[in-house]
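Engineer: Got a structure for you, written out below as structure tokens; questions coming shortly.
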Amino acid sequence: MIDIPVIEEKKVRTEEFIVKKDKKSATVKQQNKDNSSGEKAPANFDPIDVESVSDAKELEAYGLEHLKHELECRGLKCGGSLSERATRLFSIKGLTPDHYPKKILAAAAKK
């Protein structure tokens, strides 16, 4: 990493940083391919149609991150192993959100 006194830093899609130093702009390409800020780029997952799935094993094919995203979107707990996530998502098949079991609902966000 290069030590440059930074006044303002912006991330753009090309993984370059715009660095303003003493009112001069310079573009610096990111050296590390890993995201050192700890933030992950939001993944674009297609919605999962739980109603068309016959068992939880079919849901496992979507993978950990896709299942986590789907559970979060539905306001459900999203932790656990691949099989636990698939089972949790499959357990809501045929239910409306107001009928989801309370034990699988995610805790309300703390302020």
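Engineer: I'm told K33 meets every condition in (1) modelled with pLDDT under 95; (2) basic (K, R); (3) surrounded by 12 or more Cβ atoms within 10 Å (Cβ to Cβ) except one. Can you identify the failing condition by its number?
Structural biologist: All conditions pass for K33, except number (3).
Engineer: Among the residues of the stretch 82-101, is any under 14 Å from the mean Cα position of the chain (by Cα), closer than 18 Å to D46 by Cβ and surrounded by 18 or more Cβ atoms within 10 Å (Cβ to Cβ)?
Structural biologist: no
Engineer: Next question. Of all residues in the stretch 51-75 being of a type in the set (A, V, I, L, M, F, W, C) and buried (at least 17 other Cβ atoms within 10 Å of the Cβ), which is farthest from A106 (Cα to Cα)?
Structural biologist: V53
Engineer: Restricting to the stretch 56-74, what's the tally of residues that are in a helix (DSSP H, G or I) and among the basic types (K, R)?
Structural biologist: Looking only at that region, the number is 2.
Engineer: Scan the stretch 75-104 for residues that are basic (K, R) and in a helix (DSSP H, G or I) and jot them down.
Structural biologist: Result: R85, R88, K102, K103.
The values are calculated or read from the model by the stated rules, or taken from the named source; none is laboratory data. Computed from a predicted model, the values in this text were never measured in an experiment. In this analysis, Cβ positions are derived from the backbone assuming ideal geometry, glycine residues included, and neighbour counts consider all displayed protein chains.
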